[in-house]
């Protein structure tokens, strides 16, 4: 009897020290048994961001702050994975994680980004701001130029469109795009895209539609714009496995250069439009700075219209422009002297170039291309490899 009473007293003391009620709270407790699976494994295999509250019951602040953290968890569960670690009970884990002060709020982004501690005043807004920096975003910008590509590619994958009058990507929408990665494709349409607003009869913001390629009408979302109700709505239409699925960020709709007649040649576009396209001759308009004069671009567009119908003549031409001031290595390799010029590049195994010597007009440029087709244009070798591009987020 005495033993039972002692066990009851010890158990009561232990339960009394719990900051988060496991029966009511959405804060996930982590310890020596599940830390590896709940934290490190998640970082290795997913794009989720996890926040962990490391504490000791006696640290003087955690007990008072716990209700705020609990409330935060109720609102942001699903967007973040939210956990707590009692360092009195899980001492080895806290030592292994080099936690030396209490409380510590640590954000664990997906690998290889290192974990980072929140250093500001003990407030939810500061913790949220830090964690938000590491949220992945699979949603992409959709406009009149890329809407059909977005809707029609991967026809088995339903598409989600959020119409918004605000800048940026809402945190809840980023979270949903991660949650449904490889099941749904996510796009955002700005309120300035009048043609798309008319196309989908959008009268108010925000507005979310789910679109299936084989169905005439989209499914409108009518609930609150919070994670749980939005998740429930989308979950009905997502598939456990979708052949051809993938991240929206991999969509061809993100590659504006694939939809432009004369795109810019840079680090991200180069392989798609020129360097890794078999049998192509790259017609490069080199300019000293930003986008060339529209008149020069129009001349290349006319040439494209002329020669895209003549691919049976043995030469495939791709037209593009290069900022030779920024891409100085390319400018040096292609003999750029500061004035706009057109260079013909063969990016094959034997890398060669030729320079257009005449006027920068349709007729003169056409003569140069005809000389190439007839075999009369002289190319010169430029070495075994092409220069590197400047790293850019264009």
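No value in this document is a laboratory result; all are computed from the given coordinates. Bear in mind the structure is a predicted one, so any value in this text is a computation, not a measurement. Please note: Cβ atoms are built from the backbone with ideal geometry, for glycine as well, and neighbour counts cover all protein chains shown.
Counted by neighbouring Cβ atoms within 10 Å, the residues 328, 100 run from fewest to most as 100, 328.
By definition, a body whose alpha carbon gyration tensor gives a ≥ b ≥ c is rounded when a/c is under 1.5, and the range 255-381 falls into this rounded group. Each residue, residue 236 and residue 272, gets one label point 7 Å from its Cα in the Cβ direction; the gap between the two is 3.5 nm. Each eigenvalue of the Cα gyration tensor of the chain, multiplied by 5 and square-rooted, gives one semi-axis; in descending order these are 56, 26, 17 Å. In terms of its C-alpha gyration tensor, the range 17-132 has a rounded overall shape, because the principal axis ratio a/c (a ≥ b ≥ c, square roots of the eigenvalues) stays below 1.5. Take every DSSP beta bridge whose two residues both sit in the range 89-229; close to 55 percent of them are antiparallel.
Restricted to Cα atoms, the range 140-250 shows a radius of gyration and a Dmax of 12.8, 35 angstrom. Stretching the chain fully between residue 390 and residue 352 yields a gain of 11.5 nm (0.36 nm per residue, less the alpha carbon separation). Here the range 287-306 is scanned for amide nitrogen atoms under 20 Å from the site 7 Å beyond the Cα of residue 328 along Cα-to-Cβ, giving 287-291.
The DSSP beta bridges internal to the chain are antiparallel in roughly 50% of cases.
Please report the antiparallel percentage of the DSSP beta bridges confined to the range 17-108, to the nearest 5. Bridges in the range 17-108 are about 35 percent antiparallel.
Distance from the alpha carbon centroid of the range 84-121 to that of the range 24-74 works out to 9 angstrom. A Förster distance of 45 Å, applied to the separation of the beta-carbon atoms of residue 40 and residue 149, puts the FRET efficiency at 0.75. With a Förster radius of 35 Å applied to the beta-carbon distance between residue 26 and residue 100, the computed FRET efficiency rounds to 0.80.
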